[in-house]
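Derivation of every value follows stated rules applied to the coordinates shown; laboratory data play no part. These numbers were taken from a predicted model, which means no experiment stands behind them. We place every Cβ from the backbone using ideal geometry, glycine too, and count neighbours over all the protein chains shown.
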Amino acid sequence: MKMMFAATAAVLLSACQSIPDEPLRATAALQPTKGNKAFGEVTLEQVGDKVRVIVFAQGLKPDAEHGFHIHEVGDCGSGDGMSTKGHFNPHGKPHAHPSTGERHAGDLPALKAGKDGRAKLDVMMDIITAGPGPASIVGRGLIVHADADDYKTQPTGNSGARIACGVIKAG
């Protein structure tokens, strides 16, 4: 009887350990690059096999679209956002619209600013993860660009200057 109880307890404990206490989450504070005023906050949360990306940004050009990408390196120290390097692209795909499967992992939908220069984005993204692995976004950079992404020009989308930069951090 004691053996059966111990075995049952071990199975129950191992099952509890495989369920995470909290969802995998990451955040980033977007700060303006030198000479710009765009800023905001980003929350990224693992939901099944996708990541929910929620962005609040302001100080953007009113009534304009702004390219928005995850970049390779989580380093905003250069002042112009260039220290984040290129788009996050662990699968070696071309730059493309985020609705296509054949794209950089870092290709995100545009931020669409209203008349007040504020933008909100709430989107589910595939091919990235907030957990460990080659598609992990934790420790990467986030960039808001001055112009709209044309989703064609390789490898950047011709989105213009980097006007805000953030580092994606776990938690």
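So the values come out like this:
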{"item": "Computed [θ] at 222 nm, helices only, for the chain once each DSSP H run of length n ≥ 4 contributes -39500 (n - 2.57)", "result": "-3000 deg cm²/dmol"}
{"item": "Dipole-positive endmost among 114, 53, 24 within the chain (Cβ charges, Cα centre)", "result": "24"}
{"item": "For segment 22-121: rounded, prolate or oblate by the Cα gyration tensor [a/c cutoff 1.5]", "result": "rounded"}
{"item": "On Cα atoms only, tilt of 2-17 relative to the major axis of the chain in degrees", "result": "0"}
{"item": "Size of charge dipole - segment 22-170 - debye, nearest 20, with Cβ of Lys, Arg +1 and Asp, Glu -1, no other charges", "result": "240"}
{"item": "Coil-residue GluC sites (Glu not before Pro) of segment 48-129, DSSP, other Cβ within 10 Å capped at 14", "result": "102"}
{"item": "Cβ-based net charge around residue 145, under 10 Å, with every Lys or Arg adding one and every Asp or Glu removing one", "result": "-2"}
{"item": "Anisotropy class of the chain from Cα gyration tensor, a/c 1.5 cut", "result": "prolate"}
{"item": "Overall form of segment 71-171 per C-alpha gyration tensor (a/c, 1.5; a/b vs b/c)", "result": "rounded"}
